[in-house]
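Contents: one structure, followed by commentary.
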Amino acid sequence: MLIKDYSLNVNFLFFSITLFLILLIPWNPPSWSWLSDPWDYLEQSQRSFFDKDLYAPHISPGFFPRPFTVPLFYKVANSNPDIIIQIQKLIYVFSIFFLVNSLLLFVEKISLKYLLIICIYMLMSWWNILGWTIVLLSESLSMSFLFCWIASFLFFLKKRTIVSMIVHIIVTFFFAFTRDTWPYIIVTFNILYIFIFYITDKGLIKKNLVFLSFSIVLLFMQHTISKKGGHYKLPLFNSIAARVLPNPEYTRWFVNHGLPNVEKLKKDLVGFDGGKNKDKLYKLYNDSTNQAFFDWITTKGRTSYIHFLITHPSYALLLDENKEHLQRIFAYNLTFTGPAKGYSYLVQNIFPLFSWYMTLILAIILIILFFKHKRQVFLFPPLILIIFVFHVLVSYNGDAMEVDRHLITTNIVVQFLGFFSLVLIFDSINYRSLLLLLRRVFPFPK
C-alpha cells in the first residue's frame with residue numbers, strides 16, 4: 001500500500017502557523033537602541049533608491065557605511081523600525097519555508113520528511129535565531145538570506161534548470177551584500193563545488209562556472225565598495241588593538257611596516273582585553289589624535305595586514321588564541337536579542353543539541369556513504385562544514401571585536417547540518433535488508 005506524500009502541505013501548514021506566532025512576538029521596548037550600528041543602517045537607508053550613496057556611501061564623522069542589502073531593505077520599509085521588524089519576520093519565515101522545501105527534495109522516506117520538517121521548524125524557533133528578527137542589525141537578514149542561498153543551490157542541484165540558476169544568482173546577489181565576509185565564502189563554495197562536480201557530474205561544471213564567475217564579480221564589487229566606504233578601517237583597527245598590540249613580536253612586525261603611534265595606542269588601551277571593556281576601544285574611533293593611525297590603515301594597513309596573515313600562519317589559523325576567546329566562535333543566546341519571547345520558550349532549553357564534533361562525525365559518515373551510494377547530496381553537508389570553518393577564519397581575522405556576534409551563524413549551521421545529516425543517513429538505510437541481516441546474526445528462537 002502506497003502512502004501519500006503530504007510533506008509539502010505540512011510544510012505550508014507549519015509556515016502559516018509560524019508566521020502567525022512570530023508576528024505576535026512583541027519587540028518593545030527596543031533592545032537595539034543602545035547600539036550604534038542600527039543608526040548607521042537607518043541613516044544609510046534614508047538615501048534615495050537612485051542615489052549611489054545608498055549602495056556605496058562614503059565614510060563621514062559619526063557614520064560608518066555598511067554593505068547595501070540591509071539598508072536597501074530598510075529603505076523599502078521607509079526607514080521605519082516598526083515596519084522593518086515586520087519585514088524581517090516575514091523574510092525569516094519565508095526563508096525557513098524555502099529551506100525546508102529544498103531539503104525535502106533529497107529525502108525519499110516519507111516518515112523522515114515529516115521528521116525533518118518538525119526538526120527544522122523547531123530549530124528555527126530557537127531564540128538564538130528567531131530573536132534577531134526584532135533587532136535592527138544585519139544578523140536577521142544575513143541569516144535569512146543564508147538559508148535562502150542554501151535552499152536555492154539545493155533547488156539548482158535537483159532541478160538543474162535555467163530558472164533555478166537565475167533564482168540562485170538573484171539570491172546570491174542580495175546575500176553577498178548582507179555582510180562583508182560572505183563574498184569570500186561564496187567564491188570558496190563555488191570553487192570547491194567544481195571539484196565535486198568533476199567527481200559526480202561533469203555536465204554541471206559549466207553551470208557552476210557561471211556561479212563562480214558571478215561570485216568573483218561580487219567579490220570585486222564588495223572590495224571596491226568597501227574601499228570607497230572605508231568598511232575595513234574599523235575592523236582592522238579592532239584586530240590590531242585586540243590581537244596584535246598585546247603581542248610584542250607582532251607589534252614589532254607592524255612597527256617595521258609603518259604602524260604609527262604604537263605607544264600612545266597601548267596607553268589608551270590599558271585595561272582593554274579583547275571582548276572586555278569595549279568602551280575603551282570605541283572611544284578611540286572618533287579621536288582625532290589617532291588620525292595618523294587611520295591614515296596608515298587607508299594607505300598601507302590593509303596590504304600590510306594581508307602580508308602579515310600570509311607570513312604568520314599561527315595567527316591566521318588562530319593557534320595563538322586562548323580557549324576563552326576561541327569559545328566565542330560557538331557563541332549563542334547573546335544579550336543583543338534580550339530574553340526569549342513568545343513560542344520560543346518551548347524550545348529554548350533544547351539547543352544547542354549537536355556539538356561540532358558530533359556534526360563532524362556525521363559528515364564523515366556521509367562521505368563514506370557517498371562512495372557507496374554515489375548520491376551527490378551526501379557531499380553537501382561536509383562541504384558546508386568546510387566553508388564555515390573558512391568563514392570562522394575570515395571573520396575572526398577580519399575583525400577581532402564582537403567575534404561572538406559576527407560568528408553567531410556557526411552554532412546555528414552546526415545544528416542545521418546535524419539534523420540534515422542524520423536524516424540523510426537514515427534515509428540511505430534499507431531497513432528490510434537490515435532486518436534480514438539482524439535475523440541472521442541474532443536468530444529468534446522458535
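The values are calculated or read from the model by the stated rules, or taken from the named source; none is laboratory data. The structure displayed is predicted, hence computed values, not measured ones. Cβ: placed from backbone, ideal geometry, glycine included. Neighbour counts: every protein chain shown. Just the protein is used for accessible areas: all its heavy atoms, side chains included, with ligands, DNA and RNA removed. Shrake-Rupley method; radii C 1.70, N 1.55, O 1.52, S 1.80 Å.
Which one of these is in contact with a Lys or Arg (Cβ under 9 Å, 6 or more places away or on another chain) and surrounded by fewer than 20 Cβ atoms within 10 Å (Cβ to Cβ): Leu334, Leu326, Leu346, Leu317?
Leu334
Does the range 75-93 contain any residue that is of a type in the set (Asp, Glu), open to solvent by 40 Å² or more (accessible area, probe 1.4 Å), farther than 22 Å from Ile225 by Cβ and at pLDDT below 95?
Yes, the range 75-93 contains at least one residue that is of a type in the set (Asp, Glu), open to solvent by 40 Å² or more (accessible area, probe 1.4 Å), farther than 22 Å from Ile225 by Cβ and at pLDDT below 95.
Modelled with pLDDT under 95, open to solvent by 80 Å² or more (accessible area, probe 1.4 Å) and in a loop (DSSP other than H, G, I, E, B) - does that describe any residue in the range 375-389?
no
Looking at the range 267-285, can you tell me whether even one residue there is under 25 Å from Leu393 (Cβ atoms), at pLDDT below 85 and over 28 Å from the mean Cα position of the chain (by Cα)?
Yes: one or more hits.
Does Arg66 satisfy the criteria of being more than 17 Å from Trp132 (Cβ to Cβ) and either assigned to a loop (DSSP other than H, G, I, E, B) or open to solvent by less than 60 Å² (accessible area, probe 1.4 Å) (or both)?
Criteria not met by Arg66.
Only one residue in Phe106, Phe156 is within 30 Å of Arg375 (Cα to Cα), open to solvent by 10 Å² or more (accessible area, probe 1.4 Å) and aromatic (Phe, Trp, Tyr). Which one?
Numbers: Phe156 fails: open to solvent by 10 Å² or more (accessible area, probe 1.4 Å).
Exactly one residue qualifies, and that residue is Phe106.
Would you tally the residues in the range 78-114 being assigned to a loop (DSSP other than H, G, I, E, B) and without any contact (Cβ under 8 Å) to a residue 12 or more places away in the chain? Talk me through it step by step, then tell me what you get.
First, the residues of the range 78-114 that are assigned to a loop (DSSP other than H, G, I, E, B): 78-80, 105-109.
Cutting the leftovers down to without any contact (Cβ under 8 Å) to a residue 12 or more places away in the chain gives us 78, 80.
Counting residues in the range 78-114 that are assigned to a loop (DSSP other than H, G, I, E, B) and without any contact (Cβ under 8 Å) to a residue 12 or more places away in the chain gives 2.
Could you please find all residues in the range 240-264 being under 28 Å from Pro57 (Cβ atoms) and crowded, with 19+ Cβ neighbours inside 10 Å?
Ile240, Ala241, Ala242, Leu259
Quick test of your reading of the structure: Lys52 fulfils all but one of (1) within 24 Å of Phe174 (Cβ to Cβ); (2) at pLDDT 90 or above; (3) open to solvent by 70 Å² or more (accessible area, probe 1.4 Å). Name the failing condition by number.
(2)
Checking the structure you have, find out if any residue of the range 152-161 is over 14 Å from the mean Cα position of the chain (by Cα) and aliphatic (A, V, I, L, M). Talk me through it step by step, then tell me what you get.
So in the range 152-161, the residues over 14 Å from the mean Cα position of the chain (by Cα) come out as 152-161.
Filter once more, keeping what is aliphatic (A, V, I, L, M): 154, 157.
Within the range 152-161, one or more residues are over 14 Å from the mean Cα position of the chain (by Cα) and aliphatic (A, V, I, L, M).
Within the range 165-182, which residues are in contact with a Phe, Trp or Tyr (Cβ under 9 Å, 6 or more places away or on another chain) and either of a type in the set (A, V, I, L, M) or open to solvent by 10 Å² or more (accessible area, probe 1.4 Å) (or both)?
The answer is Met165, Val167, Ile169, Val171, Phe173, Phe174, Ala176, Asp180.
Suppose the filter is open to solvent by 10 Å² or more (accessible area, probe 1.4 Å) and of a type in the set (A, V, I, L, M, F, W, C); does Ile185 pass it?
no
Restricting attention to the range 1-36, report how many residues are touching a residue at least 40 places away in the same chain (Cβ under 8 Å), in a helix (DSSP H, G or I) and either touching a strand residue (DSSP E or B) at 6+ places or on another chain (Cβ under 8 Å) or of a type in the set (Ser, Thr, Tyr) (or both).
Final tally of qualifying residues: 2.
Taking the conditions exactly as written (more than 23 Å from the chain's Cα centre (by Cα) and either touching a residue at least 12 places away in the same chain (Cβ under 8 Å) or farther than 21 Å from Asp180 by Cα (or both)), does Tyr232 satisfy them or not? Walk me through it before giving the result.
Numbers: more than 23 Å from the chain's Cα centre (by Cα): no; either touching a residue at least 12 places away in the same chain (Cβ under 8 Å) or farther than 21 Å from Asp180 by Cα (or both): yes.
Spelling it out, it is not the case that Tyr232 is more than 23 Å from the chain's Cα centre (by Cα) and either touching a residue at least 12 places away in the same chain (Cβ under 8 Å) or farther than 21 Å from Asp180 by Cα (or both).
For Ile364, state whether it is open to solvent by less than 30 Å² (accessible area, probe 1.4 Å), out of contact with any strand residue (DSSP E or B) (no Cβ under 9 Å at 6 or more places or on another chain) and among the hydrophobic types (A, V, I, L, M, F, W, C). Spell out the reasoning first.
Details: open to solvent by less than 30 Å² (accessible area, probe 1.4 Å): no; out of contact with any strand residue (DSSP E or B) (no Cβ under 9 Å at 6 or more places or on another chain): yes; among the hydrophobic types (A, V, I, L, M, F, W, C): yes.
No, not satisfied.
Of (1) under 21 Å from Tyr41 (Cα atoms); (2) over 20 Å from the mean Cα position of the chain (by Cα), Gln222 satisfies all except one. Which?
Status for Gln222: all satisfied but (2).
Within the range 404-413, track down each residue that is open to solvent by less than 10 Å² (accessible area, probe 1.4 Å) and touching a Ser or Thr at 6+ places or on another chain (Cβ under 7 Å).
Residue satisfying the conditions is Leu407 alone.
For Pro57, work out the one condition from (1) within 22 Å of the chain's Cα centre (by Cα); (2) surrounded by 19 or more Cβ atoms within 10 Å (Cβ to Cβ); (3) not polar (S, T, N, Q) it doesn't fulfil.
Answer for Pro57: the failing condition is (1).
State whether the residues of the range 23-46 include one that is open to solvent by 60 Å² or more (accessible area, probe 1.4 Å), among the aliphatic types (A, V, I, L, M) and within 22 Å of Lys341 (Cα to Cα).
Checked against the condition, which is being open to solvent by 60 Å² or more (accessible area, probe 1.4 Å), among the aliphatic types (A, V, I, L, M) and within 22 Å of Lys341 (Cα to Cα), the range 23-46 yields at least one hit.
Within the range 235-269, work out how many residues are of a type in the set (Lys, Arg), without any contact (Cβ under 8 Å) to a residue 40 or more places away in the chain and under 18 Å from Arg302 (Cβ atoms).
Step one: of the range 235-269, the residues of a type in the set (Lys, Arg) are 243, 252, 264, 266-267.
Applying the additional criterion that residues be without any contact (Cβ under 8 Å) to a residue 40 or more places away in the chain yields 252, 264, 266-267.
When the remaining residues are screened for being under 18 Å from Arg302 (Cβ atoms), the result is none.
Residues that pass the stated criteria total 0.
When residues of the range 298-310 are filtered for being within 16 Å of Tyr250 (Cβ to Cβ) and open to solvent by less than 70 Å² (accessible area, probe 1.4 Å), how many remain?
5
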